[in-house]
Amino acid sequence: MSDNKNTTPASNDVKLGRRQLLAGGLATGGIAAATTIAAAASDPLITEVQDWNRYLGDGVDASPYGKPSEYEKDTVRRNVAWLTADTQSSINFTPLHKLDGIITPNGVCFERHHGGVAVIDPADHRLMINGLVDNPIVFTMDDIMRFPRENRTYFLECAANSGMEWRGSQLNGCQFTHGMVHNCMYTGVPLKYILAEAGIKTAGKWLLAEGADASAMSRSIPLDKALDDCMVAFKMNGESLRPEQGYPLRLVVPGWEGNMWIKWLRRLEIGDKAWYQREETSKYTDLMENGIARSFTWAMDVKSVITNPSPQAPITHGKGRTVLTGLAWSGHGKISRVDVTIDGGRNWKTARLDGPSFSRSLHRFYYDFDWDGSELFVQSRAIDDQGNVQPTKDQLRAARGVSSIYHNNGIQTWQINPDGSAENVEIS
Amino acid sequence: MSKFLKAAFLALTVFCLSASLASAQDAKAGAKVFKKCRSCHTIGEGAKNKVGPHLNGMFGRTAGSIEGFKYSKAMRARGADGLVWNNQNFIEFITKPKKFIKKTRMGFGGLRKEKDRLNLIAFLKAQSVGGKASPAADGSAKNEETKTQTKLLAKDVPVPSHGILHLGRLAQLDEVAAWDIDIRPDGKGLPVGSGKVSDGEVVYNENCARCHGDFGEGIGRWPILAGGHDTLTDERPEKTIGSFWPYLSTVFDYVRRAMPFGSARSLNDNDIYALTAYLLFLNDIVEDEDFVLSKENFTSIHLPNEKNFIADNRKDEAHRAIKEPCMSDCVAGSPKVVSRARALDVTPDAKEGESVE
């Protein structure tokens with residue numbers, strides 16, 4: 001797959017050699033000592049023995065399947081109730097501002113259902129291949145587990161991510177503006193191996209993928225893409241798919257809009273034309289200002305967002321050292337660079353990319369700086385290895401108008417106030 | 001393990017076991033479970049065969065053996081093979097009836113909780129009158145059963161000849177027909193059938209109006225199905241079947257696979273033809289209430305907005321030409337806020353978020 005270490009040069013690298021650590025220690029030590037002396041009273045959390053330091057805690061198996069700390073109860077998916085008529089055909093959002101690194105934990109991967117979560121015993125699940133094939137075939141999950149497997153890390157982004165922001169700033173928090181994205185390592189079988197068991201006829205040009213849920217979700221996918229890099233996954237981040245992510249089987253369509261990643265995958269049909277299903281005609285088509293709609297806009301374009309600081313994650317410390325971080329991704333390849341501005345796009349600095357860099361996976365970036373306590377307008381701008389540069393929202397509006405709902409990958413602005421609070425704004 | 005701990009552990013085990021036995025015999029709780037069965041089955045004094053056979057004296061009786069009741073072939077065959085109901089095989093059956101007897105006529109999905117199954121058995125035994133509920137019935141038929149259910153050993157399962165890795169099995173024609181319900185704009189996949197606008201109105205009012213409104217106007221945030229003509233360039237476009245959808249086949253396909261919401265696959269093909277015809281009527285695409293939509297005339301109907309879809313051309317957008325963006329002094333003057341989320345105040349209150357529970 002890819003290099004595990006990122007070597008992108010960054011202006012904000014902290015350079016600490018042995019000499020700086022030893023000699024510099026004296027200089028900063030002076031400040032630390034002053035801070036300690038300045039504190040009015042000593043900290044009882046240190047000077048007094050705490051309960052957790054004296055009494056025994058839970059033993060093993062207190063929680064056979066572990067849960068997050070009780071102090072992390074805000075690290076949860078959130079729904080925006082007014083967006084949809086009910087919760088069965090609805091969406092919630094990944095708490096991006098609470099996460100770090102590039103992997104999204106399974107329990108907080110955003111959900112999008114069109115007929116609720118199907119609950120299927122793997123023993124009762126079947127995958128059928130039919131249409132323009134030599135032999136229509138039925139697989140059980142046991143059969144699927146006998147194919148050669150691969151492990152791949154990909155982001156999944158809903159085409160409507162940031163869709164509420166076309167007409168201006170609307171939702172206060174990156175969870176709501178950008179949280180229809182998650183990033184997991186999938187274990188599964190390359191789709192081409194599975195299709196080969198049925199034998200694709202030469203007239204076959206398209207694939208219809210269909211789910212077993214109450215919406216029987218269905219999408220047309222060009223066969224070239226299906227045979228190139230799509231996979232049928234049964235594990236995410238090492239464990240079985242979560243029910244809300246399509247347990248026991250889902251389609252993985254790298255770099256393309258999330259709606260195509262059919263969950264509870266039960267059928268693959270080969271055909272010579274697209275099917276023009278509901279989710280590729282009345283929905284997931286992009287209406288332009290002139291009344292014309294683009295269809296089959298599959299790839300997710302290059303995009304980034306600063307997750308901290310952000311409206312749900314204000315700066316809570318004073319002036320001085322500050323960690324600004326965020327996520328960048330592209331459906332066309334790897335992220336090669338992320339630039340950050342703190343003065344509303346007047347001047348940009350290249351951020352430091354850290355962590356594994358995989359094609360069509362989330363990338364983590366950091367910009368470490370000294371905050372002087374003044375008002376900031378922070379933005380990030382991603383560039384992928386295909387040379388695509390993340391556009392501004394105004395550039396997108398100039399090209400498309402404001403009614404397209406989908407594929408808003410414009411640059412996001414957070415206003416950071418002197419009190420550390422942050423707001424979703426647009427600036428001129 | 002210390003002696004003390006061992007004793008405590010044993011005591012705990014015994015306690016748990018007796019607790020589970022006690023609950024296993026809860027006929028009263030079983031009466032509640034039986035509510036799921038009583039629309040088809042009766043038990044006790046005067047019990048008669050209804051949709052399903054009466055259940056008096058079931059334990060110890062050969063499967064499919066009540067005279068005068070019309071069992072499925074599959075059930076009678078299992079009886080002929082020597083299946084006599086006992087605790088063990090009844091539990092297996094009631095967990096997932098169609099798994100234990102593949103073609104049983106019993107439409108019940110099964111009891112998923114072990115507690116429910118045990119309580120149901122306690123109830124059925126307590127209520128049973130007549131029959132021959134011999135105490136030996138529990139488990140006596142086991143050996144015979146094992147004999148009849150011969151399972152292939154792994155090494156004896158043949159490798160199929162299809163494909164490259166030879167995995168999976170050939171699909172049956174009726175299996176493909178059951179799942180292959182998609183329809184294309186060229187009419188491929190349309191089932192035989194037809195339906196009239198006025199019949200569609202009845203289907204619509206019964207199944208659709210509560211969400212989509214009497215005239216397809218949409219209630220609350222449920223989708224609007226009709227109207228919205230010439231609104232696609234408006235500030236708030238109304239994307240309906242008549243104003244936006246390119247193909248009628250999508251209407252039939254989607255209704256058949258996913259509607260009515262929460263009761264998918266419950267309408268028959270003629271109902272869906274009628275409903276589709278009615279949706280054309282609500283969108284002024286047909287004007288005659290006697291209009292009949294059928295497999296034969298389906299592809300002659302074109303939706304008004306069909307021509308207004310184009311392929312993805314994002315790569316031609318002007319900003320795509322920018323390859324090396326500006327890094328310093330990019331904009332003159334200081335930033336001025338032109339739009340704020342707080343002005344709208346639609347963000348959900350963070351305190352109302354769900355907890356990790």
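The values are calculated or read from the model by the stated rules, or taken from the named source; none is laboratory data. Keep in mind it's a predicted model, so treat the numbers as computed, not measured. Note that we place each Cβ from the backbone using ideal geometry, even for glycine, and neighbour counts take in every protein chain shown. Only protein heavy atoms, including side chains, enter the accessible area calculation; ligands, DNA and RNA are left aside. Shrake-Rupley method; radii C 1.70, N 1.55, O 1.52, S 1.80 Å.
Things to note:
- Along its first, second and third principal axes, ordered by size, the range B:32-98 spans 30, 26, 20 Å in Cα coordinates.
- Here the calculated FRET efficiency for B:Glu92 and A:Asp134, from their Cβ-Cβ distance with R0 = 35 Å, stands at 0.35, rounded to the nearest 0.05.
- Long-range Cα-Cα pairs in the range A:85-294 (distance over 22 Å), rounded percent: 50 percent
- Using just its DSSP H runs of length 4 or more, each adding -39500 (n - 2.57), chain A gives a mean residue ellipticity at 222 nm of -3500 deg cm²/dmol after division by all residues.
- Per residue of A:81-88, other chain Cβ atoms within 10 Å of the residue Cβ number 3 on average.
- Size of electric dipole in chain A: Cβ of Lys, Arg +1 and of Asp, Glu -1, about Cα centre, debye, nearest 20: 800 debye
- Isotropically averaged projected area of the range B:177-308, using the convex hull of Cα atoms (one quarter of hull area), nm²: 7.9 nm²
- Note on the range A:49-154: Kirkwood hydrodynamic radius from all Cα pairs is 19.0 Å, rounded to one decimal.
- Listed residue pairs exceeding 22 Å between alpha carbons, taken from B:Lys73/B:Lys113; B:Lys50/B:Lys115; B:Lys239/B:Lys307: B:Lys73/B:Lys113; B:Lys50/B:Lys115
- Under-5 Å amide H pairs with A:Arg219, H placed in peptide plane, nonlocal only: A:Ala209
- Vicinal HN-Hα couplings computed from phi for the range B:291-307 (Karplus, 6.51 cos²θ - 1.76 cosθ + 1.60; Hz; Gly/Pro x): 4, 10, 9, 9, 4, 6, 9, 4, 6, 7, 8, 10, 7, x, 9, 3, 6
- Near the amide H of A:Thr153, within less than 5 Å, lie the amide hydrogens of A:Tyr186, all on another chain or at least 5 residues away, with H placed in the peptide plane.
- Loop-resident sites, the range B:62-93, for trypsin sites (Lys or Arg not before Pro), counting at most 11 other Cβ within 10 Å (DSSP): B:Lys70
- Kirkwood Rh in Å, taken over the protein assembly as shown so that all alpha-carbon pairs contribute: 30.7 Å
- The peptide list A:343-353, B:251-261, B:179-189, B:228-238, put in order of mean Cβ contacts within 10 Å with the highest first, becomes B:251-261, A:343-353, B:179-189, B:228-238.
- Integer Hz, Karplus 6.51/-1.76/1.60 couplings in order for the range B:77-90, x for Gly and Pro: 5, 5, x, 4, 7, x, 6, 10, 5, 9, 3, 5, 6, 5
- Sulfur and carbon atoms: percent of accessible area, the protein assembly as shown [1.4 Å]: 54 percent
- Summing both sides, the accessible surface hidden between B and A at a 1.4 Å probe radius is close to 8000 Å².
- Tensor-based shape of the range A:304-428 (alpha-carbon gyration tensor, a/c under 1.5 rounded, otherwise prolate or oblate): oblate
- Cut-off under 5 Å, modelled amide H: who pairs with A:Trp371 long-range: A:Gly320, A:Arg321, A:Thr322
- Residue-wise HN-Hα couplings along the range B:246-254, as the Karplus relation 6.51 cos²θ - 1.76 cosθ + 1.60 with θ = phi - 60° gives them from phi, are x, 10, 5, 4, 5, 5, 4, 4, 6 Hz; Gly and Pro carry x.
- Applying a DSSP loop filter and a limit of 11 other Cβ atoms within 10 Å to the GluC sites (Glu not before Pro) in the range B:51-137 leaves B:Glu67.
- Comparing A:Thr316, A:Thr75, A:Thr187 in a Gaussian network model of chain A (Cα springs below 10 Å), the most mobile by mean-square fluctuation is A:Thr316.
- Rg ratio (alpha-carbon, reference 2.2 N^0.38 Å) - the range A:76-127: 1.41
- Lys/Arg +1, Asp/Glu -1 at C-beta; the protein assembly as shown dipole; positive extreme among A:Gln390, A:Ala198, B:Phe244: A:Ala198
- Each Lys and Arg adds +1 at its Cβ and each Asp and Glu adds -1 at its Cβ; summed about the Cα centre, the protein assembly as shown shows a dipole of about 3120 debye.
- Neighbour-limited loop hits for GluC sites (Glu not before Pro), the range A:150-216 (at most 10 other Cβ within 10 Å; DSSP other than H, G, I, E, B): none
- When the Gaussian network model of chain A links Cα atoms closer than 10 Å, the mean-square fluctuations of A:Lys334, A:Lys283, A:Lys235 top out at A:Lys283.
- With both labels modelled 7 Å from their Cα along Cα-to-Cβ, the A:Asp121 to B:Asp214 distance reads 4.7 nm.
- Cα pair count fraction exceeding 41 Å, expressed as % - chain A: 23 percent
- Exceeding the 21 Å Cα-Cα cut-off - candidates A:Lys192/A:Lys334; A:Lys303/B:Lys315; A:Lys201/A:Lys225; A:Lys283/B:Lys295; A:Lys205/A:Lys235; B:Lys48/B:Lys103: A:Lys192/A:Lys334; A:Lys283/B:Lys295; A:Lys205/A:Lys235; B:Lys48/B:Lys103
- Accessible surface computed residue by residue for the protein assembly as shown, with neighbouring protein chains in place and a 1.4 Å probe, gives 49 Å² per residue.
- For B:Lys155, no lysines have a Cα falling under 19 Å of its own Cα, not counting residues fewer than eight places away in the same chain.
- Antiparallel DSSP beta bridges within chain A, percent to nearest 5: 95 percent
- The residues of the range B:161-179 listed by number as losing at least 30 Å² of accessible area in the complex, against the isolated chain and with a 1.4 Å probe, are B:His162, B:Ile164, B:Leu165, B:Leu167, B:Gly168, B:Arg169, B:Leu170, B:Ala171, B:Val176, B:Trp179.
- Per-residue mean of foreign Cβ neighbours for A:66-74 is 2 (Cβ atoms of other chains, 10 Å radius).
- Residues of the range A:265-300 with amide N under 18 Å of a point placed 7 Å along Cα→Cβ from B:Asp234: A:287-293
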